[in-house]
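What follows is a set of notes on a single structure, which appears directly below.
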Amino acid sequence: MISAGPLPLVLFIVLAAAAIAVAVGARLARGLVPRPWSEVASHVTDALLVGLVAARVGFVLLWWQSYLEAPWSILRIGDGGFIPWVGIVAGLALAFWRLRAKPVLRKPVLIGFMAGIAAWALLAGTVLMLQRSMVQMPEAELSLLDHTPVQLHEYTGRPMVVNLWATWCPPCRREMPVLAAAQHRFPGVNFVLVNQGESPIEVLNYLEQSGLSFENMLLDPYSRVMQEVGARGLPTTLFFHADGRLADTHMGELTEAALAHTLQQRFNVKARTSSAASTPPSPP
């Protein structure tokens, strides 16, 4: 999995795109204003901040029912819940409004914005393609809680969510109820929980104490899956198509809204109604 240390790679992509927007805009603004770099950087920074807030608000409004059940999760922006086009529109609207008093900067700044948006789209698309080509279905030998050997490819045939977790990991424990509920709300998807480096007793004790139940709970005592996919931390969630191709990855805690959004975007699946979800689906 492509990563950039402890910070999400998407953050570096956004910052790189913003830097390109400033560089292009400042270049075009030379000779038009005394301090082109600071002038353009001010507009880009403000638009970026407003755009990020708007993109988050748009996502929360789209999935308001999920956030209504857990309002605190609105603050967990690490779930990746943003709607880019809402942020772009909001950022551009702010730029237009601020530039009404500085028409001489209008063209350089807006061209800079376009360059930054293009760079963001190109970098994000490239990273996603690299991830899909570099991360394959892990082949590590795993086991069920009763020590029966099993491998992840046995769960292909329909879309699959593979969650790497451990009982000592607070974000992992916080997202466990979300995953437990999702396995019943999305019967067309296999949810496979792969514990990293712990014993069956530790896992069973945690599940009993937390009152959670999972259809597919696997053990990876030597954390080989983490090594195979290049995961830098826990929790890490991988989304695979039915044929085993990687669809997406997420490092960090998932909220209910972010999980449902990814499943809808990548697999075109929607949650079934609460009444239908009362009967758990049969294992694959």
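The values are calculated or read from the model by the stated rules, or taken from the named source; none is laboratory data. All values reported here derive from a predicted model rather than from experimental measurement. Cβ sites come from the backbone with ideal geometry, for glycine too, and all protein chains shown count toward neighbours.
Quick notes on this structure:
- Some residue of region 4-16 being surrounded by fewer than 14 Cβ atoms within 10 Å (Cβ to Cβ), free of Cβ contacts under 8 Å to residues at least 24 places away in the same chain, within 30 Å of Q227 (Cβ to Cβ) and touching a Phe, Trp or Tyr at 6+ places or on another chain (Cβ under 8 Å): yes
- Hey, T167 among the hydroxyl-bearing types (S, T, Y), assigned by TED's automatic domain parsing to the domain that holds L234, surrounded by 15 or more Cβ atoms within 10 Å (Cβ to Cβ) and farther than 18 Å from D248 by Cβ or not: yes
- Only one of the numbered conditions (1) more than 22 Å from the chain's Cα centre (by Cα); (2) part of a helix (DSSP H, G or I); (3) within 23 Å of M137 (Cβ to Cβ) is not met by Q227, and that is (1).
- Selected residue [touching a Lys or Arg at 6+ places or on another chain (Cβ under 9 Å) and in contact (Cβ under 8 Å) with a residue 24 or more places away in the chain] from Q136, Q183, Q131: Q136
- Any hit, region 118-134, residues being among the β-branched types (V, I, T), closer than 24 Å to V10 by Cα and outside the structural domain of F267 (by TED's automatic domain parsing): yes
- Looking across region 23-52, just one residue is without any contact (Cβ under 8 Å) to a residue 12 or more places away in the chain and under 30 Å from Q265 (Cα atoms), and that is L49.
- Taken over region 207-224, the criterion of being of a type outside the set (S, T, N, Q), out of contact with any strand residue (DSSP E or B) (no Cβ under 9 Å at 6 or more places or on another chain) and assigned to a helix (DSSP H, G or I) is satisfied by E208 alone.
- Being closer than 23 Å to Q65 by Cβ, touching a Ser or Thr at 6+ places or on another chain (Cβ under 7 Å) and either hydrophobic (A, V, I, L, M, F, W, C) or modelled with pLDDT of 95 or more (or both) holds for only one residue in L254, L259, L238, and it is L254.
- Any hit, region 196-213, residues being buried (at least 18 other Cβ atoms within 10 Å of the Cβ), touching a Pro at 6+ places or on another chain (Cβ under 7 Å), of a type in the set (A, V, I, L, M, F, W, C) and not assigned by TED's automatic domain parsing to the domain that holds E69: no
- Residues located in region 142-169, provided they are farther than 19 Å from T236 by Cβ and not β-branched (V, I, T): S143, L144, L145, D146, H147, P149, E154, G157, R158
- Any hit, region 215-222, residues being surrounded by 13 or more Cβ atoms within 10 Å (Cβ to Cβ), in contact with a Phe, Trp or Tyr (Cβ under 6 Å, 6 or more places away or on another chain) and assigned by TED's automatic domain parsing to the domain that holds M251: no
- Only one entry in L105, L68, L28 is surrounded by fewer than 20 Cβ atoms within 10 Å (Cβ to Cβ), in contact with a Gly (Cβ under 9 Å, 6 or more places away or on another chain) and not polar (S, T, N, Q), namely L28.
- Top-ranked residue in region 61-98 [being small (G, A, S) and in a loop (DSSP other than H, G, I, E, B); ranked as modelled with the lowest pLDDT]: A70
- The one condition in (1) under 28 Å from W64 (Cα atoms); (2) of a type in the set (G, A, S); (3) at pLDDT below 95 that G233 fails to fulfil: (1)
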